[in-house]
Structures are given as C-alpha cells and as structure tokens.
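Peer 1: Submitted below is the structure of interest, expressed as structure tokens.
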Amino acid sequence: MPGTTAEAFRVEGARALVTGASRGIGRAVALALADAGADLALSARSEEALKDTAAEVARRGRTAVPAPGDFARPAAAGAVVDEAAEALGGLDIVVHNAGILPGGPDGAPQLTPHQYARQDDWDAVVTVNLNASAALCRHAHPHLAASSRASLVLMSSVAGVVGTPMMEAYAATKAAQISLARSLAVGWAREGIRVNALCPGWTRTDMTTFASGTAPLSDWLMAHVPLGRWAEPEEAAWAALYLASPAAAFLTGQALLLDGGLSVPDGGLAGIPKPASPFGEA
Ligand SMILES: NC(=O)c1ccc[n+]([C@@H]2O[C@H](COP(=O)([O-])OP(=O)(O)OC[C@H]3O[C@@H](n4cnc5c(N)ncnc54)[C@H](OP(=O)(O)O)[C@@H]3O)[C@@H](O)[C@H]2O)c1
C-alpha cells in the first residue's frame, strides 16, 4: 500500500509495454508512464517514430526500448511481448493501445455504412483490433503473473459501449475488447493481475483528423459531446496511468469511459442546439 497519495499515482521502476506508442494516445501513454517512473518497451510498425518516442522517454530520465511489430501479422503479438519482456527483464504493466479504423483508398480512416463496407476491411479491423489483443494478452500472461503489481489495460473506445453507425467493425472489436478485459479480470484476479478497458471518446489524433479537421463534421460531432470539445491524447494517457498505478489497486474488470459525457443516455442530445448533419437528413 503506498504511503502517500503522490506515491499511489506513481509506477516507480515498473516495466511497461505500450503498443501503438509511435504517435497519438499510445505515445502520450508512454510519456505519462515514464513521467510516473516506468521503464518502457515501445511497439508500433514505424521504427523511426518509436525512436522519437524513446528519445522523449530518455529525456524524462527513464529507459525505453523499441519492440516493433505489425499486428496485422498473427505472429507479431508473441514476438513483441517476448522482445519487451526480455529487454526489460519482465513486465508489470501492459497498455495495449494499437488499433485501426477501416481506411479509404488513400489509407486515411473512413466512415462507411455497414451495407457498403468491404469484407476485407472488416477482416483487417478484426485482425488488428481483436485478434492481436487476444494474442497479446495470452503471451503477456506469464510475465504479468510473475509480477507483484500487474496491470493490463486494453484501449477500447466509447464506440464499444454505445455502438457507432458507419464504424460497425471498429465498434464491434472495441466491444469485444471490453468483454475480453472483463473475462480476464475475473480469470486472472487470483494471480494478482488486474485487467481493465479504457474507453476514450473523440480524441484529437491522426486517427480522427478526417473528422477534427473538417469544421462541419467536427462541429456536428462535438454537438453530441456534453463537454463540447475534443479530448487531447494526454487526457486518455492520464486515465491509463491511473488504471496502471497503485491508486487503482482495487479496480479490475471495468470499462472506464473518458468521453466527455457522450455515453450518458440522452446526455449529448438533450437541449443542445445542433448544426445541420453533414450526412443529410436521417
Ligand atoms: N482517437 C480517438 O478518438 C480514439 C477514441 C477511442 C479509442 N481510440 C483508440 O485508441 C487507440 C490509439 O488510437 P489513436 O487515436 O492514438 O490512433 P493513431 O494516432 O492512428 O495511432 C495508432 C497507433 O497504433 C499503431 N498501429 C496501427 N496499426 C498497427 C499495426 N498493424 N501494428 C502495430 N501497430 C499499429 C500506430 O503505429 P504505426 O502506424 O507506426 O504502426 C499508432 O502508434 C486505438 O486503439 C483507438 O481505437 C481512439
């Protein structure tokens, strides 16, 4: 039990794997964990961007080693976990954050009603968002079981709780991550492994530039967020740090919504004047 409140929010000397750490929320998670005292293994496809995150971690006085991998490949999760655990000498914290939205022809994320969506896109999202999560959890288990302060955080989404049209594959995989977290939380509780899902709402990253960078769409989306604004990646990172820290030592099997109130029934709709829908009248 930490002696002070400040200590409760620190993860001094913890060995942490963060996936999707090259940019966006994952990079912010890595830096927040480093600020709180963790040493890190950083995963993503882009080795150059991982080096940049690692340099930022080093500037904060902590160690960071790259553990690159492409979660579109079935063997990647095991290889990433092995590399991370070997480099750090074990694992206490895993924040599995890498994830994708289906892309358009230019590779940028794209919203498509399910009836027009391609099966290939569905398969790609399930492979990266869900299959890799399941494999990563399985491979991380022995390392976390050997730790006295194990915490596993799956980066889900509010979409996994409320469902989101035009993002059906994404929302389904994010719901499955919550279910996986809840099942593992119970299954692994007596081994001292806490498992939680973090469910951000609309957060300003590369994944959402297609929406945040387009005023009519951004205004329309934010009109449905009671707090009326985009979240910044650091806000999700601080919630992930909380879930990983001793401050959350009695918290497991939960889906923590960090969505500006979006998921509150009717909270985003009641009494808020909205601009016209860019999708036309429903
Ligand atoms: N932004 C939001 O509004 C929002 C809301 C709720 C939940 N989330 C979730 O938060 C997580 C991070 O999202 P973000 O907004 O930070 O997105 P982002 O800026 O697009 O970053 C995605 C991260 O995942 C990595 N990644 C993507 N495909 C990968 C693959 N095949 N193999 C390995 N790594 C891969 C990317 O690195 P490389 O490209 O270098 O591989 C990058 O580090 C995702 O799980 C997302 O679903 C985001």
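Peer 1: Which of the numbered conditions does E232 fail, given that it passes all the others? Conditions: (1) surrounded by 18 or more Cβ atoms within 10 Å (Cβ to Cβ); (2) closer than 12 Å to I25 by Cβ.
Peer 2: (1)
Peer 1: Near the ligand (Cβ under 10 Å from one of its atoms) and crowded, with 17+ Cβ neighbours inside 10 Å, is that true of W220?
Peer 2: Values: near the ligand (Cβ under 10 Å from one of its atoms): no; crowded, with 17+ Cβ neighbours inside 10 Å: yes.
Against the criterion (near the ligand (Cβ under 10 Å from one of its atoms) and crowded, with 17+ Cβ neighbours inside 10 Å), W220 does not qualify.
Peer 1: Any residue in segment 210-237 that's farther than 21 Å from A98 by Cβ and of a type in the set (S, T, Y): show its pairings with residues that are in a loop (DSSP other than H, G, I, E, B) and open to solvent by less than 60 Å² (accessible area, probe 1.4 Å) at Cβ separation under 9 Å, as long as the two are six or more apart or on different chains.
Peer 2: Final answer for the pair search is S218/W202; S218/W230.
Peer 1: For segment 192-218, enumerate the residues that are under 13 Å from the mean Cα position of the chain (by Cα) and small (G, A, S).
Peer 2: Answer for segment 192-218, where residues must be under 13 Å from the mean Cα position of the chain (by Cα) and small (G, A, S): A197, G201.
Peer 1: Determine whether L91 is in contact with a strand residue (DSSP E or B) (Cβ under 9 Å, 6 or more places away or on another chain), more than 9 Å from the ligand (Cβ to nearest atom) and either open to solvent by 20 Å² or more (accessible area, probe 1.4 Å) or in contact (Cβ under 8 Å) with a residue 60 or more places away in the chain (or both). Break it down stepwise before answering.
Peer 2: Values: in contact with a strand residue (DSSP E or B) (Cβ under 9 Å, 6 or more places away or on another chain): yes; more than 9 Å from the ligand (Cβ to nearest atom): yes; either open to solvent by 20 Å² or more (accessible area, probe 1.4 Å) or in contact (Cβ under 8 Å) with a residue 60 or more places away in the chain (or both): yes.
Taking the combined requirement at face value, the residue satisfies it.
Peer 1: Let me ask something else about it. Based on what the data block shows, is E168 within 16 Å of V158 (Cβ to Cβ), of a type in the set (D, E) and within 12 Å of the ligand (Cβ to nearest atom)?
Peer 2: Values: within 16 Å of V158 (Cβ to Cβ): yes; of a type in the set (D, E): yes; within 12 Å of the ligand (Cβ to nearest atom): no.
No, not satisfied.
Peer 1: Which ones in segment 1-25 are within 19 Å of S148 (Cβ to Cβ) and either outside any loop (DSSP other than H, G, I, E, B) or of a type outside the set (A, V, I, L, M, F, W, C) (or both)? Walk me through how you get there before you give the answer.
Peer 2: Filtering segment 1-25 for residues within 19 Å of S148 (Cβ to Cβ) gives 1-3, 7-17.
Selection gives P2, G3, E7, A8, R10, E12, G13, R15, A16, L17.
Peer 1: Which one of A237, A282 is at pLDDT 95 or above and either buried (at least 19 other Cβ atoms within 10 Å of the Cβ) or in a loop (DSSP other than H, G, I, E, B) (or both)? Walk me through it before giving the result.
Peer 2: Values: A282 fails: at pLDDT 95 or above.
The conditions single out A237.
Peer 1: Moving on. Between a residue in segment 112-133 that is part of a loop (DSSP other than H, G, I, E, B) and any residue that is among the acidic types (D, E) and surrounded by 16 or more Cβ atoms within 10 Å (Cβ to Cβ), which pairs come within a Cβ distance under 8 Å, given they are 6 or more apart or on different chains?
Peer 2: As it stands, the answer is T112/D121; A117/E168, since those pairs meet every condition given.
Peer 1: Next question. Being part of a strand (DSSP E or B) and open to solvent by 10 Å² or more (accessible area, probe 1.4 Å) is the filter here, so list the residues in segment 26-78 that pass it. Outline the logic, then answer.
Peer 2: If we filter segment 26-78 for residues that are part of a strand (DSSP E or B), which is where we start, we get 39-43, 64-66.
Once the filter is applied, which keeps residues that are part of a strand (DSSP E or B) and open to solvent by 10 Å² or more (accessible area, probe 1.4 Å), segment 26-78 yields D39, A64, V65, P66.
Table: residues versus (1) farther than 30 Å from G192 by Cβ; (2) of a type in the set (V, I, T); (3) open to solvent by 40 Å² or more (accessible area, probe 1.4 Å); (4) assigned to a loop (DSSP other than H, G, I, E, B).
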residue: V80; (1), (2), (3), (4): no, yes, no, no
residue: E83; (1), (2), (3), (4): no, no, yes, no
residue: V95; (1), (2), (3), (4): no, yes, no, no
residue: L101; (1), (2), (3), (4): yes, no, no, yes
residue: P105; (1), (2), (3), (4): yes, no, yes, yes
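Peer 1: Among the residues of segment 6-23, count how many are in contact (Cβ under 8 Å) with a residue 60 or more places away in the chain and open to solvent by 30 Å² or more (accessible area, probe 1.4 Å). Quick ask: steps written out before the conclusion?
Peer 2: Just the residues of segment 6-23 that are in contact (Cβ under 8 Å) with a residue 60 or more places away in the chain, to begin with: 7-11, 14-21, 23.
Pick out the ones that are also open to solvent by 30 Å² or more (accessible area, probe 1.4 Å) and you get 7, 9-10, 15, 23.
Of the residues in segment 6-23, 5 are in contact (Cβ under 8 Å) with a residue 60 or more places away in the chain and open to solvent by 30 Å² or more (accessible area, probe 1.4 Å).
The values are calculated or read from the model by the stated rules, or taken from the named source; none is laboratory data. None of these values were measured; they are calculated from a predicted model. Neighbour counts are summed over all protein chains in view; Cβ atoms, including those assigned to glycine, are modelled from backbone coordinates with ideal geometry. Only protein heavy atoms, including side chains, enter the accessible area calculation; ligands, DNA and RNA are left aside. Shrake-Rupley method; radii C 1.70, N 1.55, O 1.52, S 1.80 Å.
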